[in-house]
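Just below is one structure, and these are the notes that go with it.
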Amino acid sequence: MRLTRLRLNGFKSFADPSELSIAPGLTGVVGPNGCGKSNLLEALRWVMGETRPTQMRGQGMEDVIFAGTARRGARPWAEVALHFERDGAETELVRRITRDGGSAYRLAGREARARDIQVMFADAASGAQSPALVRQGQIAELIGQKPQARRRVIEEAAGVAGLQARRGEAAAKLGAAEANLQKLGEVTGQLA
Ligand code: ATP
């Protein structure tokens with residue numbers, strides 16, 4: 001999977017629609033303090049399914065919506081669109097959040113679930129937790145991390161994080177099925 005374009009509209013400091021193309025290879029974002037470098041990276045993580053407001057440096061997820069300045073009012077919604085190439089085809093993923101209305105995803109024009117988006121990017125090793133997106137200070141953080149936390153980063157890089165997520169879901173379903181089976185056994189035992 002290759003990310004090709006990112007469009008922000010009303011996301012954090014990007015009050016007006018802004019679009020940037022992502023060239024092949026390593027991309028670095030440079031600029032003066034407070035110009036929005038970290039906001040850009042957060043937009044990428046957010047559209048890929050990040051659900052923790054703390055990872056967006058906010059209290060609630062609606063904090064990603066442009067909050068207004070002395071000269072212009074707050075926006076009622078924010079949207080981030082990501083274009084990516086997969087198997088030779090270009091696809092657009094859009095995540096939109098409204099104040100009080102929560103957020104929704106559209107993948108290639110169709111409504112999608114957060115879970116599916118997260119697993120899709122985890123499979124491609126480019127998700128919201130991906131080591132391909134390096135925030136300021138993250139290298140020092142990684143060095144100081146506990147082995148289990150570092151292992152998660154390696155798993156994501158190896159592309160097995162999606163499998164782990166599905167394994168967790170499958171184990172939960174299996175547990176529920178076993179509980180149902182036990183109940184069934186009890187009921188049939190009572191009838192016998
Ligand atoms: P530094 O190099 O200092 O880390 P940076 O280029 O990474 O800075 P960001 O942290 O991405 O900059 O952007 C910070 C700016 O974004 C601040 O001016 C902040 O007020 C603004 N900002 C963050 N959230 C919102 C929001 N919801 N609405 C409006 N502006 C916001």
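Mind ordering 42-51, 180-189 by average Cβ neighbours within 10 Å, highest first? Kindly include the intermediate steps, with their values, before the conclusion.
Details: 42-51: 22.7, 180-189: 9.7.
The peptides rank, most packed first, as 42-51, 180-189.
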Using 1/(1 + (r/R0)^6) with R0 = 30 angstrom and r between the beta carbons of ARG57 and SER21, what's the FRET efficiency to the nearest 0.05?
0.70
Test of understanding: what is the full-extension gain from ALA172 to ARG2, defined as 0.36 nm times their sequence separation minus their Cα-Cα distance?
58.0 nm
For the residue pair ARG106 and THR69, what label-to-label distance in nm results when each label sits 7 Å from Cα along the Cα-to-beta-carbon direction?
2.9
Please list, in order along the stretch 81-98, the HN-Hα scalar couplings obtained from phi with the Karplus expression 6.51 cos²θ - 1.76 cosθ + 1.60 (θ = phi - 60°), rounded to whole Hz, x for Gly and Pro.
10, 10, 9, 9, 9, 9, 6, x, 10, 9, 10, 10, 10, 10, 10, 10, 10, 10
Rh by Kirkwood over Cα pairs, then Stokes-Einstein D for the stretch 14-98 at 1.002 mPa s and 20 °C, µm²/s
149
Output the direction-averaged projected area (hull surface divided by four) of the convex hull of the alpha-carbon atoms of the stretch 1-159, in nm².
10.2
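So what is the calculated 222 nm ellipticity per residue for the chain, using -39500 (n - 2.57) for each DSSP H run with n of 4 or more, over all residues, to the nearest 500 deg cm²/dmol?
Values: 5 runs with 71 residues, N = 192.
-12000 deg cm²/dmol, from helical runs alone.
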Put a dot 7 Å past each Cα toward the Cβ at LEU184 and ALA89; how far apart are the dots in nm?
3.8
Could the peptides 31-37, 67-73 be put in order, highest first, of the mean number of other beta-carbon atoms found within 10 Å of their residues?
31-37, 67-73
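Laboratory data are not the source of any read-out in this text; all were calculated from the coordinates shown. None of these values were measured; they are calculated from a predicted model. For neighbour counting, all protein chains shown are included, and Cβ atoms are generated from backbone atoms with ideal geometry for every residue, glycine included.
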